[in-house]
1. Is it true that Leu81 is surrounded by fewer than 15 Cβ atoms within 10 Å (Cβ to Cβ) and touching a residue at least 12 places away in the same chain (Cβ under 8 Å)?
2. Restricting to segment 1-15, what's the tally of residues that are under 22 Å from Ala76 (Cα atoms) and either open to solvent by less than 90 Å² (accessible area, probe 1.4 Å) or modelled with pLDDT of 95 or more (or both)?
3. Could you tell me how many of the residues in segment 16-52 are farther than 25 Å from Glu70 by Cβ and either of a type in the set (A, V, I, L, M, F, W, C) or buried (at least 19 other Cβ atoms within 10 Å of the Cβ) (or both)?
Amino acid sequence: DAGLARDTLGAPQLADWFLRRLEQGWPQSAYLPKALLTRIPLVPDSAEAIRARLRGFADSEYLAYLRGAEGPGFAALEDSLAFYIGGRWAAIAPGMAAGFGDDQ
């Protein structure tokens, strides 16, 4: 949802809201380091505070990937995320497309 807001809608503040919501609602999520990394360019004034927060995730698969030490955990997280997002899109796409292409 944050990627869609940032990339497709051009709404970085909405993207930041989604990412902060993840941090507040699921502070131990394995995806939180990815969310924090994504927030750095969205809120450059908070970059140092976000980097400090990232230090608490030394064992993160995402940080290991950035260090060049990609393990199977990284692929598993990304595959799971892609599966979740794909399922969400499959559920909402028919409703979004309703009315397009109809003769009106």
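1. Judged against the criteria, Leu81 is a match.
2. 3
3. 5
The values are calculated or read from the model by the stated rules, or taken from the named source; none is laboratory data. The structure presented is a predicted model; accordingly, all values stated were derived computationally and were not measured. For neighbour counting, all protein chains shown are included, and Cβ atoms are generated from backbone atoms with ideal geometry for every residue, glycine included. We work out accessible area using only protein heavy atoms, side chains counted, and drop any ligands, DNA or RNA first. Shrake-Rupley method; radii C 1.70, N 1.55, O 1.52, S 1.80 Å.
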